[in-house]
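To keep things clear, I will list the structure first and then write my remarks on it.
Every read-out reported here was derived from the displayed coordinates using simple, explicitly stated rules and does not represent laboratory data. If you're wondering where the values come from, they're calculated on a predicted model, not measured in any experiment. Cβ placement follows ideal geometry from the backbone for every residue including glycine, while neighbour counts extend to all protein chains displayed.
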């Protein structure tokens, strides 16, 4: 699985986790938060899913990575939102496998690309329920910046 850092370029999951550890070691006394969100963009040929992994040094910046996946075109909104949620949760599990000790001490949020405006409002209860039932904090628009701002930027 290849991730992309805007300045460092492509990196493996191992390189990414090493960079995250180094980032945290730079200021071990700071408070951190891990935020994961996925957005998608569809056209007639394909649907592009982008998952953003953000490590926030609260009040002092952030480090982020993106991962892209391409699928045959998915026109159904519910299917896309469910797939976005699934990819975000898969990413959490991947990260837990690489540094579970970090995720025990750092708050984790899953940002969902749903909001009270538009068609996605019908899906809020379903996907938020799914994420919280697993034990994670879920955020929706406008607070879901990992999905609606960072990942969205890389779907274009």
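Using a 10 Å cut-off around each Cβ, can you sort 112, 94, 63, 103 from fewest to most neighbouring Cβ atoms?
Ascending Cβ contact count within 10 Å gives the list 103, 94, 63, 112.
By counting other Cβ atoms within 10 Å of each Cβ, how are 106, 150, 34 ranked from fewest to most?
Arranged by neighbour count, lowest to highest, 106, 150, 34 become 106, 34, 150.
Taking the beta-carbon count within 10 Å as an exposure proxy, list 152, 76, 113 from fewest neighbours to most.
In order of increasing Cβ crowding within 10 Å: 76, 152, 113.
Starting from one equal scatterer on each C-alpha and no solvent at all, send me the Debye-based log10 I(q)/I(0) for the range 4-156 at q = 0.14, 0.16 Å⁻¹, two decimals.
Calculated log10 I(q)/I(0) at the listed q: -0.66, -0.85.
Over what distance in Å are the Cα centres of the range 43-68 and the range 1-36 separated?
Each part's Cα centre sits 12 Å from the other's.
Angle, helix 13-26 long axis vs. longest principal axis of the chain, Cα atoms, 0 to 90°, nearest 10?
Approximately 50 degrees, to the nearest ten.
Does anyone have the angle between helix 124-134 and the longest principal axis of the chain? Alpha-carbon axes, 0 to 90°, nearest 10?
The angle comes out at about 40 degrees.
Give the angle, between 0 and 90 degrees and rounded to the nearest 10, that separates the Cα long axis of helix 77-105 from the longest principal axis of the Cα atoms of the chain.
The two axes meet at around 10 degrees.
For the chain, what does -39500 (n - 2.57) per DSSP helix run (n ≥ 4), summed and divided by total residues, give at 222 nm, in deg cm²/dmol to the nearest 500?
About -11500 deg cm²/dmol.
Consider a paramagnetic label point 7 Å from the Cα of residue 137 along Cα→Cβ; state which residues of the range 107-125 have an amide N under 16 Å from it.
107-112
Nearest 5 is fine: what % of DSSP beta bridges in the range 2-153 come out antiparallel, could you say?
Of those bridges, close to 80 percent are antiparallel.
Please give the FRET efficiency for residue 41 paired with residue 93, using the beta carbon to beta carbon distance and R0 = 30 Å, rounded to the nearest 0.05.
According to the calculation, E is roughly 0.80.
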